[in-house]
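The structure appears right after this line, and notes come after that.
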Amino acid sequence: MRSYGQALFMLMGLGAFALAAGAADTPRAVPHAAGQLPALAGPAALLQPGFSPELELGPETAAEPVCDRSKAAALMAALREKASAASPSVEIDCPLTLPEGMVITKRLIFKGAKASGVTVTGAGVKGALIDGGPGTFHHQSGFATKMVQIVSDNCHTTPTGEGRCSRPVNVTLRNLRIRGSVGISVAPGFDMPDKDYVRSFRLSAPANVLFDRVTITGLGLPCEPNSGDCNLLYLFAGVTHFRMINSEINGSTSDTAVAIYLDDVAMRNTFRSNRILARTTTRESISIDSSSENVFVNNHIHVSSKGGIFLYRNCGENGTTRRGTPRDNALINNVFTIPFGKFLPAIVVGSRNGQDTPAKNCPPNAVDPNPFFDLARFNAVMQNRVITLPTRQPFGHPDLIAGSITAKHPEVNTPNFIKENEVVERANPRRAGCFIRHGYPDFIRDSEFVNVFHNGDGEPFCTGFRYTCRDGELARSIDASCQASQIVSTRVQCVAKDSNKGCRDTVTAPRGKKLIGFKAACNLEFGDVSDADVDQVPANMLKVLRASDKPSEGHCILGGTSISTGEASVGGLLGKEDFAFGCGEKDANGGDCQIKARLFFH
């Protein structure tokens, strides 16, 4: 796969055409400036607006260091010694192949640029064990210990006021078992200057780390005070391009810890084809805290306590201000297993909003001074399956999945793209689909392709290329079948006045064409929906501009989706040749409602 920046560079150089509405609302081809071309998004390349320029060409890389035999032999000798107070850890700065079955009781530390390019591989089927379990030196303290630490060092403030560190990049761990926790961070205790804070963290923290066939086993030990070591895998602030594939996290956490924690302004980290089985006691399995553009695809996640994956923004307790937000993350084709008798959410987008945090530690919010909203936006939550026993509803009932995968406070945590998820009795293996944020459609299943895209206003255009989904990754190829002149746009509406019966209508596509994109808005009280209102709705979304005075007595319908408040990503509609739409609202003297949509056919 090409890197984020490479894909964007190619798209910006296509000389693409956008579509603008003509006098008769018929799309026409117009030149599209390279700098304005919308980015594409997908599990393998989350191309989003507003990304950090210093990362647009992908992660920093480093060649494997060359170590002579004597240095490698000295490292191996140090690793064979048991950990002690005098020698608790070993700094790794040479590539190593560890004998099958080797047991290491010292901490492995990859520190600074000198560790860049290092690969540590466990040989054979069993690989090697880094052991901080019972009977070892690091277990004696009774607190959790990072048995593997990948850390930047020599952090300092530059003459121009930015923070910088010597960081390790391109570190690979393969076929290893770790009993204890793992942390990836800048040098602990370094106070990053405010100037260019986000960019500085992302250029200072470790990057492009790969864990392949790594098993992390939590020991259930608590954190030391002011430590995050009890979280089994902790990606601290600014970590980018970390990848965990074909791996497992098992064992247990302490009562305040999670299996995976993605911290503030960490970005573009990928978790693919892993088993996240660790038992948590009071918290969710995975925390995405103010972290963006991360990918979770094809993972199996066991939900044992509060929930599966929570996306939120820690409001800054203990003086730790969050600069990022949980946005542009892709959670696709994961399987969540919920134990018998428990009714727990698999995914919650915007899970905190200031709740469960002392009010004095949350800065005021412009919308409401009480909650500190998560601002969880533009997240794609698609094609996930939740294995559980149904309660009063049969499998496939929309209320059942709504309770398992949800977004809180949609009035601020919006838009998000949540669809194609289901509650099932069992989940057979399958290949992942792909999310293309600026695609028509925005979600395609494995082996399907998209060749029509849209700008920020929802106007479709052709690029001369198609993107085909290959198990959650996008492959580009030449495509001439999309012609701008073949795209037809139309507007439809349905209105009810002084009638509790509401209104219903059916859209039929022009002959030989199918729906490729849409946007719709509705008013469930008195008032009109303008064309401008519709144009401001994100593509493939349905939005309630004004709810009924009694929200439960109003509804807006597009295809199989019905909402009363907020907005929703509408699934199952693209590719249709006909579908229903309408609205309804009850009132003592008859209800009023209006729904208006803009539709694109190809």
Can you work out the FRET efficiency for the pair Asp528 and Asp498, with r the C-beta to C-beta distance and R0 = 22 Å, to the nearest 0.05? 0.90
Which of the aspartates and glutamates could a cross-linker span from Lys342 if the Cα-Cα distance has to be under 15 Å and same-chain partners fewer than 8 positions apart are dropped? Glu284, Glu425
Considering only protein heavy atoms, what is the solvent-accessible area of Glu81 at a probe of 1.4 Å, reported in Å² to the nearest 10? 100
Could you calculate the FRET efficiency of Ala63 with Lys126 from 1/(1 + (r/R0)^6), where r is the beta carbon distance between them and R0 is 35 Å, rounded to 0.05? 0.75
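Can you order the peptides 336-343, 507-514 by their average number of other Cβ atoms within 10 Å per residue, highest first? Mind showing how you got there, number by number?
Working: 336-343: 14.2, 507-514: 12.8.
Packing order, densest peptide first, comes out as 336-343, 507-514.
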For the range 202-268 and the range 433-454, what is the separation of their Cα centres, given in Å? 31
Given the range 497-602, what whole percent of its Cα pairs are spread farther than 21 Å? 30
As straight-line cross-link partners of Lys513, the qualifying lysines (C-alpha separation under 27 Å, not fewer than 8 residues apart within one chain) are Lys419, Lys543, Lys576, Lys596
Compute the accessible area per residue over the range 176-314, keeping the other protein chains in place, probe 1.4 Å, unit Å². 28
Centroid-to-centroid separation of the range 469-502 and the range 508-561 [C-alpha atoms, Å]: 13
Residues with beta-carbon under 12 Å from that of Pro65, excluding Pro65: net charge, scoring Lys, Arg +1 and Asp, Glu -1? -1
Alpha carbon centre of the range 570-597 versus the range 277-304: separation in Å? 36
When we measure straight from the Cα of Lys126, which lysines land under 21 angstrom away, once same-chain ones fewer than 8 places off are left out? Lys82, Lys106
Roughly speaking, to the nearest percent, how much of the range 453-602's 1.4 Å accessible area is carbon and sulfur? 45
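Determine the sum of side-chain charges near Gly584: Lys and Arg each +1, Asp and Glu each -1, restricted to other residues whose C-beta is under 9 angstrom from that of Gly584.
Working: positive: Lys501, Arg504, Lys586; negative: Glu553, Glu585.
Within the 9 Å Cβ shell, the charges total +1.
If I take all pairs of Cα atoms in the range 187-328, what percentage of them are more than 25 Å from each other?
Of all Cα-Cα distances in the range 187-328, 23 percent exceed 25 Å.
Stretch Arg213-Ala85 to full length: gain in nm at 0.36 nm per residue minus the Cα-Cα span? Please report the intermediate quantities before stating the final value.
Details: separation 128, 0.36 × 128 = 46.08 nm, distance 3.04 nm.
Length gained between Arg213 and Ala85: 43.0 nm.
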For Thr508 paired with Glu224, estimate the spin-label separation in nm (one decimal), with each label point 7 Å from Cα along the Cα-to-Cβ line. 7.4
Length gained when the stretch Arg445-Arg470 is fully extended (0.36 nm per residue, less Cα-Cα span): 8.1 nm
Please work out the FRET efficiency for the pair Asp457 and Arg430, using the Cβ-Cβ distance as r and a Förster radius of 30 Å; give the result to the nearest 0.05. 0.30
Could I have the simple spin-label model distance between Asp578 and Phe340, label points 7 Å from Cα toward Cβ, reported in nm to one decimal? 4.8
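The values are calculated or read from the model by the stated rules, or taken from the named source; none is laboratory data. Keep in mind that what you see is a predicted model, and the values were worked out from it rather than measured. Don't worry about glycine lacking a Cβ; one is built from the backbone with ideal geometry, like all the others, and counts go over all protein chains shown. Please note that ligands, DNA and RNA were not included when accessible areas were found on the heavy atoms of the full protein model with its side chains. Shrake-Rupley method; radii C 1.70, N 1.55, O 1.52, S 1.80 Å.
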